[in-house]
Amino acid sequence: MVIIESYQVAILLCFITMLCWGSWANTQKLASKEWRFQLFYWDYAIGVFLFSLILAFTLGSSGTGGRGFLADLGQADLKWLGSAFLGGVIFNLSNILLVAAIDVAGIAVAFPVGVGIALCLGVITTYLATGGSHPLMLGLGVAAILVAIILDAVAYGRLATGEHKTPAKGIILSIAAGVLMGFFYSFVAQSMGAIDTTTKILESHKLSPYTAIVLFSAGVLLSNFIWNSIMMVKPVSGPPVPFGDYFTKGSVHLHAIGILGGIIWNVGMSLSILASHAAGAALSYGLGQGATMVGAFWGVFIWREFKGAPKGTNNLLGLMFIFYFVGLGILIASKLNH
C-alpha cells in the first residue's frame, strides 16, 4: 500500500481534506432545488462507498509498505473491523442530521456550529485515543474555535425574521450533528495498525488505512437503510418522503450530483486518514475540519445566506472567521511543538 511519510505532504493533504469537507454540501444545495435532501442522501452514501473501493484496489493494493487491501482484510481481527464499521454508522447518523440542518438553516450555520462542535470533540476524543500532539496547544486551538461557533450562532439568531426559518431548529440540529460527529473518527483511528517508520511493516491484526476506509464506508451505506429511512418517514420539516420518489423523480443528473457529493466527501476522509500516519490522528482530523471555514465561505459569500441580516451581523461573521483561523493555526503548531 502507499504510505504518506512526509509531514509537509500530510499537512497539504489535510488542507485538501478541508476543501473537500467544506465543499461537498454544495452538491446538496444544487440537488435540493429539485428534490428532497433524503433522496439526495441515498446517492451520497453510494458515492462514499464507491470511492472507498476504488481507493482500496488502487493505492491500497500497490506500493511497497504495509499490506495490500485483500491481504489486510483477511488477517484483521473482527474487533477492529467492527470499530471502523461502527465509526461509519455513527458518522452517518450525525451527517444526516447535518444535512437536515443545512436544509433548514443553510451551510453558513450548519457548518460552523455542527462541524465546529465535531472538530472540538473529535480533536479531544482522538487525542485521548491516539495521542500525538501537544495537549495544551490542542486545547487552546479548540477554545478559539468554540468562540467562533458561539459568534456564528449569535449571528444566525439575528436572522429570526418572518422570511427565515425558526433559528432554534437549525441550531439544535447542528448541535446534535456536531456532538455525534465528534466521536466517529476515534473509532476509525483506533482500528488502524501502527506503521513502523523504518521497516514499513504494519501492525498485525489491525487495519491498514485503506481497509479502515472501506469498512467505515460500508457502515455509512448500510446504516443508511436505518437512519435515512427514519428521516424519510419522520422528516424534520415538510411531509414524509415516499420511497418511490427516488426512482420516479430522480434523473441521471440528480443521481450523479448525489454520487459526486459522496465522492468529494470521501476524498477528504481518505486523505485525512492517510495523512494521520505522519501528522497524527488528532491534528489530521482537526485540521481537516477546518472545512467549517470553507463551508461558511460558500454559505456567506456564494449562496448569500445572510443577505438582508440586521446591521452588525457582518462584524460577528468577520470575528467568527478570525477566531477559526487562529484556532486552526494553533492546531497546526501543536504538532510542530510536540
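Observations on the model:
- Listed by first and then second residue, the pairs with beta-carbon distance under 8 Å, at least 6 apart or on different chains, first residue in segment 194-220 and at positive phi, second open to solvent by 50 Å² or more (accessible area, probe 1.4 Å) and not in a helix (DSSP H, G or I), are Lys200/Thr64; His205/Asp77.
- Whenever a residue of segment 301-320 is within 13 Å of Ala155 (Cβ to Cβ), its partners that are open to solvent by 30 Å² or more (accessible area, probe 1.4 Å) and at pLDDT below 85, lying with C-beta atoms within less than 7 angstrom and at least six residues away or across chains, give the pairs Ala309/Arg158; Pro310/Arg158; Thr313/Arg158; Leu316/Val154.
- Residues satisfying the stated conditions in segment 62-72, i.e. open to solvent by less than 10 Å² (accessible area, probe 1.4 Å) and either β-branched (Val, Ile, Thr) or not in a helix (DSSP H, G or I) (or both): Gly65
- Criterion (open to solvent by 10 Å² or more (accessible area, probe 1.4 Å), closer than 20 Å to Gly47 by Cβ, of a type in the set (A, V, I, L, M) and out of contact with any strand residue (DSSP E or B) (no Cβ under 8 Å at 6 or more places or on another chain)) met by exactly one of Leu86, Leu93, Leu78, Leu121: Leu93
- Per the listing Ser270, Ser334, the residue uniquely touching a helix residue (DSSP H, G or I) at 6+ places or on another chain (Cβ under 8 Å), among the small types (Gly, Ala, Ser) and modelled with pLDDT under 90 is Ser334.
- Screening segment 203-285 for helices (runs of 4 or more DSSP H) wholly inside it with 2 or more residues that are touching a strand residue (DSSP E or B) at 6+ places or on another chain (Cβ under 7 Å) and open to solvent by less than 20 Å² (accessible area, probe 1.4 Å) returns the ranges 209-233.
- Filtered residue count, segment 110-145, keeping only those that are within 19 Å of Trp21 (Cα to Cα) and not aromatic (Phe, Trp, Tyr): 16
- Residues considered: Leu39, Leu59, Leu98. Of these, the only one that is touching a residue at least 24 places away in the same chain (Cβ under 8 Å) and open to solvent by 10 Å² or more (accessible area, probe 1.4 Å) is Leu59.
- Screening Ile54 against (1) open to solvent by less than 10 Å² (accessible area, probe 1.4 Å); (2) in a helix (DSSP H, G or I) leaves a single unmet condition, (1).
- Looking across segment 155-172, the residues that are closer than 16 Å to Val236 by Cα, surrounded by 14 or more Cβ atoms within 10 Å (Cβ to Cβ) and modelled with pLDDT of 75 or more come down to Lys169, Gly170, Ile171, Ile172.
- Applying the condition of being in a helix (DSSP H, G or I) and not aliphatic (A, V, I, L, M) to segment 286-300 and asking which residue is surrounded by the most Cβ atoms within 10 Å (Cβ to Cβ) yields Gly286.
- Checking each residue in segment 98-131 for being in contact with a Leu (Cβ under 7 Å, 6 or more places away or on another chain) and over 18 Å from Gly299 (Cα atoms) picks out Cys120, Val123, Tyr127.
- Test: residue in segment 308-316 that is assigned to a loop (DSSP other than H, G, I, E, B), modelled with pLDDT of 80 or more and open to solvent by 40 Å² or more (accessible area, probe 1.4 Å): yes
- Any hit, segment 3-14, residues being part of a helix (DSSP H, G or I), β-branched (Val, Ile, Thr) and surrounded by fewer than 16 Cβ atoms within 10 Å (Cβ to Cβ): yes
- Enumeration of residues in segment 41-93 that are hydrophobic (A, V, I, L, M, F, W, C) and in contact with a Lys or Arg (Cβ under 8 Å, 6 or more places away or on another chain): Ala76, Trp80
The values are calculated or read from the model by the stated rules, or taken from the named source; none is laboratory data. In this text the structure is predicted, and so the values were computed from the model without any measurement. Cβ atoms come from the backbone with ideal geometry, glycine included; neighbour counts cover every protein chain shown. Areas reflect the complete protein model, heavy atoms only, side chains present, ligands, DNA and RNA absent. Shrake-Rupley method; radii C 1.70, N 1.55, O 1.52, S 1.80 Å.
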